[in-house]
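Let me begin by presenting the structure, written as structure tokens, before commenting on it.
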Amino acid sequence: MGFFSSSLDYTEKHWYTPGGWQEMLLAGSAYRLGIFKILADKPLTANELADNINTDERATDILLNALTAAGYLTIKDSRFSLTDAAVTQLIDENHPNFIGFSISHSLRLAERWLTLPEVLVSGQPVAGDRFSETPEGFIKAMDVYAKKTAAQAVEYCLSQNPQAKKVLDIGGATGTVSRLFAQRGLDSTLFDIPAVIELDQESLGDNPNIELVTGDFNKSLPSGAFDIVYLGNITHIYSEEKNAALFKKIYKILNPGGIIVILDFVRGLSPSAPLFAVNMLVNTHEGGTWTLDEFSGWLKAAGFGGIDYIDVKERDQQLIAGKK
């Protein structure tokens, strides 16, 4: 499956490159239509699958053969079934290699990027939901990335404040970071919108070290006081003004010596930041990526000092810290 890692020996003479935009659209379309789940249950011919999902037989046959060439499917006696790698990455949500929600999210992002000519005229994203299929799909897609950075983020937070006992995880989504803090003996408050907290109740509701709190952090924050406030991939969604205002609210709920830690793409440090700003342009009304000087300015204006940053090992992002 070249979208992730391919053993096929493709060279530049081939029109199709594994992991390129064609494969993302190919796999994303199949995932959205439920093709992988259907073929995981039993092998089917192209015509049988077309009848099942109400698609054109010729088009379905072409798609299935392309998925086979890309390594997602195998074919025997005209019937298509999933490869072992496809099962672990696209079907088994409990497998550490599962990235199904990410594929769906990537397809959704491609649809949004195709609106860029319109966005450049208006300066605003076109109408439509930026969630990939469902809020649950979006949150779980983001969790794939959170798992890559969570361990280093927690270690960095604790290196900045080793005596910390209480953490506020703003926009904590599925709780990847909160779980790690809880495992280290800290009490974590996961603060997110009601739709996300509702999803978290089943997996996190019984954890005695994690409190689930709903709200809008642009309006207010839990009263605290906290030793660490963590912002993972939040600041790129909002404007300079809203980020600056949020930092001021965070300062007020920290204990003396408490820290704020921000994970994001920092323009000027992250090579991905300029392109990620375009992603925010087509998906948000005011988001973008910001320089270290901008982050430092907001932090200092809020009262923070001792500003520090490190590069994230597993992703092209940075962690920025400020101390009260």
Within the stretch 16-35, identify whether any single residue is more than 19 Å from residue 102 (Cα to Cα) and modelled with pLDDT under 90, and answer yes or no.
yes
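Quick one: in the stretch 231-281, which of the residues that are of a type in the set (Asp, Glu) and surrounded by fewer than 17 Cβ atoms within 10 Å (Cβ to Cβ) is farthest from the chain's Cα centre (by Cα)?
241
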Residue list for the stretch 41-93, restricted to those being touching an Asp or Glu at 6+ places or on another chain (Cβ under 7 Å) and not hydrophobic (A, V, I, L, M, F, W, C):
47
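Please enumerate the residues belonging to the stretch 76-92 that are more than 21 Å from residue 25 (Cβ to Cβ) and either without any contact (Cβ under 8 Å) to a residue 12 or more places away in the chain or of a type in the set (A, V, I, L, M) (or both).
As a first pass, look at the stretch 76-92 and keep what is more than 21 Å from residue 25 (Cβ to Cβ): 76-79, 81, 84, 87-88, 92.
Result: 77, 84, 87, 88, 92.
Based on this model, can you work out whether residue 274 counts as within 23 Å of residue 167 (Cβ to Cβ) and modelled with pLDDT of 95 or more? Let's see the steps before the verdict.
Numbers: within 23 Å of residue 167 (Cβ to Cβ): no; modelled with pLDDT of 95 or more: yes.
Taking the combined requirement at face value, the residue does not satisfy it.
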Pick out, from the stretch 71-177, the strands (runs of 3 or more DSSP E) lying fully within it that include 2 or more residues that are assigned by TED's automatic domain parsing to the domain that holds residue 204 and crowded, with 17+ Cβ neighbours inside 10 Å.
166-170
Looking only at the stretch 218-227, decide whether some residue is within 24 Å of residue 149 (Cβ to Cβ), buried (at least 18 other Cβ atoms within 10 Å of the Cβ) and within 22 Å of the chain's Cα centre (by Cα).
no
List the residue pairs whose Cβ atoms are under 7 Å apart, where the first residue sits in the stretch 201-220 and is over 21 Å from residue 166 (Cβ atoms), the second is surrounded by 14 or more Cβ atoms within 10 Å (Cβ to Cβ) and among the basic types (Lys, Arg), and the two are 6 or more positions apart or on different chains.
218/242
Out of (1) within 22 Å of residue 123 (Cα to Cα); (2) loosely packed, with under 15 Cβ neighbours inside 10 Å, the odd one out for residue 284 is which?
(2)
When both residues are 6+ apart or on different chains and their Cβ atoms are under 7 Å apart, which pairs have a first residue that lies in the stretch 240-259 and is at positive phi, and a second that is of a type in the set (D, E, K, R)?
257/323; 257/324
Give the residue, chosen from 322, 287, 306, that is touching a strand residue (DSSP E or B) at 6+ places or on another chain (Cβ under 7 Å), farther than 19 Å from residue 152 by Cβ and not in a helix (DSSP H, G or I).
306
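The values are calculated or read from the model by the stated rules, or taken from the named source; none is laboratory data. As the structure is a computational prediction, the values presented were derived from the model and not from experiment. In this analysis, Cβ positions are derived from the backbone assuming ideal geometry, glycine residues included, and neighbour counts consider all displayed protein chains.
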